[in-house]
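Novice: Sharing a structure, written as structure tokens. Questions coming.
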């Protein structure tokens, strides 16, 4: 199991423009067993500002994990992933692509850009909640992550 201190908050950044999916993720994590804190941003530009701690995000903690949708306004998830993995300050943050796309080219491109995993969002409500909780369990308590 992970060496993470149980009292330490696990910060997750969800980059998601669908308010329904964001709300479901928040509910799933709120009712989960882990101590995680979810922050939601709605597009790729806001995601990069958050990750780089620019503007109103100057004092936010660096996330332990990013859940990234691919199809976003202003800057899509592929661009966010490429920028993160090219930045020495951000590239060690694990990125889980969580998207509706099942396209082979999106899967290949995401892994080529060094996504840590690719998950197609389930359309079933209960399955979606189960997937979110599984992601949290795995990344929060099984994996040993680099220090922030």
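Novice: So what is the relative contact order of the stretch 10-142, in percent, for Cα pairs below 8 Å that sit 6 or more residues apart?
Specialist: 26
Novice: Mind listing P(r) for the stretch 72-148? All alpha-carbon pairs, 10 Å bins, whole percents.
Specialist: The calculated distribution, bin by bin, is 17, 44, 35, 4.
Novice: Let me ask something else. Per the Kirkwood definition applied to all pairs of different Cα atoms, how many angstroms is the hydrodynamic radius of the stretch 90-133?
Specialist: Every distinct Cα pair counted, the radius reaches 11.3 Å.
Novice: Order the peptides 68-78, 50-60 from the highest to the lowest mean number of other Cβ atoms within 10 Å of their residues.
Specialist: Order by mean packing, descending: 68-78, 50-60.
Quick note: the coordinates plus some simple rules give every number you see, no bench work behind them. Since the structure is predicted, the reported quantities are computational estimates derived from the model, not experimental observations. Here the Cβ is made from the backbone with ideal geometry for all residues, glycine too, and neighbour counts use every protein chain on show.
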